[in-house]
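The block underneath contains the structure these notes are about, expressed in structure tokens.
The values are calculated or read from the model by the stated rules, or taken from the named source; none is laboratory data. These numbers come from a predicted model, not from an experiment. No Cβ is skipped: glycine too gets one built from the backbone with ideal geometry, and neighbour counts run over all protein chains shown. Only protein heavy atoms, including side chains, enter the accessible area calculation; ligands, DNA and RNA are left aside. Shrake-Rupley method; radii C 1.70, N 1.55, O 1.52, S 1.80 Å.
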Amino acid sequence: MSVERTTAHGGMETSYGFRQVGTGEKQPLVNEVFHKVANRYDLMNDLMSAGMHRLWKDAMVAWLNPPKRPGWKVLDVAGGTGDIAFRIVEASRRNAHATVLDINGSMLQVGRERAEKNGLAPHLDFVEANAEELPFADATFDAYTIAFGIRNVPRIDVALSEAFRVLKPGGRLLCLEFSDVDLPGLDRFYEAWSFNAIPRIGKMVTGDGEPYSYLVESIRKFPDQNNFAEMIRHAGFERVSFRNYSGGIAALHSGWKL
């Protein structure tokens, strides 16, 4: 496919999938996508990852390795349904406190209901807010996590700067995102699956294929692993590294506020 990825120099802020939109127009369009898929979010991730997202999320939390002591605080951004936050709280033996932040109220409602059902509500806060304008004081959190959300933020550089601001010295950023497949053969297969099968299956199951078309296009436009690592460094993070999963279908980036 001839569509080029954006780079560390920007481009995602006016890219709604393959469509160019004006400054400030992307966020309302993305919001509408997630209002549509909120109740089928797990299905969406299953389609996008062939079910692998659960293993990648487990690997993310394992690398974070939250301490099993009270007082440790994590901010999980674009985490409305609670998938990552629940894993972190459980990995800490219910000692960690997680703040789940999402710009989309529909996603947050799904997360609140799940937290009540699984008994984790006392360990969680749910906050409706924008990743580009976090409503927290400087140096509030020990860790900042975001899974499959950063590519939907219009101004990624601003969101990364906000992540750096709200982390304590010694705090850590972990970002899991679909990325650039680096295995010959797998790249062609995954692209064919993404652009041909996912929107059709999404439409068949949910009645609307358009959100899935946007999501696969946004993956194709997102910066590759090295360009995204450079964006993280530019925000002030040090010891930036990444791990590829499933041949680069997803990548997990790590950075520290030192």
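Going by the conditions given, is I146 within 18 Å of A250 (Cβ to Cβ) and within 16 Å of the chain's Cα centre (by Cα)?
yes
Per-residue answers, yes or no, for (1) on the phi > 0 side of the Ramachandran plot; (2) part of a helix (DSSP H, G or I); (3) among the basic types (K, R); (4) at pLDDT 90 or above:
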| position | (1), (2), (3), (4) |
| --- | --- |
| E162 | no, yes, no, yes |
| P169 | no, no, no, yes |
| R172 | no, no, yes, yes |
| C175 | no, no, no, yes |
| D182 | no, no, no, no |
| D187 | no, yes, no, no |
| W193 | no, yes, no, no |
| I198 | no, yes, no, no |
| K203 | no, yes, yes, no |
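With the condition being touching a helix residue (DSSP H, G or I) at 6+ places or on another chain (Cβ under 9 Å) and at pLDDT 85 or above, I'd like the helices (runs of 4 or more DSSP H) fully within the stretch 1-84 carrying at least 3 qualifying residues.
Passing ranges, in order: 26-37, 53-64.
So, of the residues in the stretch 124-160 that are without any contact (Cβ under 8 Å) to a residue 60 or more places away in the chain and in contact with a strand residue (DSSP E or B) (Cβ under 6 Å, 6 or more places away or on another chain), which turns out to be most open to solvent (accessible area, probe 1.4 Å)?
D125
Taking the stretch 174-208 only, how many residues are under 12 Å from G248 (Cα atoms) and open to solvent by less than 40 Å² (accessible area, probe 1.4 Å)?
So the count comes out to 6.
Is it fair to say P211 is closer than 18 Å to V33 by Cβ and open to solvent by less than 50 Å² (accessible area, probe 1.4 Å)?
yes
Search the stretch 85-113 for residues being assigned to a helix (DSSP H, G or I) and open to solvent by less than 10 Å² (accessible area, probe 1.4 Å), and hand back the single one that is modelled with the lowest pLDDT.
Checking each candidate, the answer is M107.
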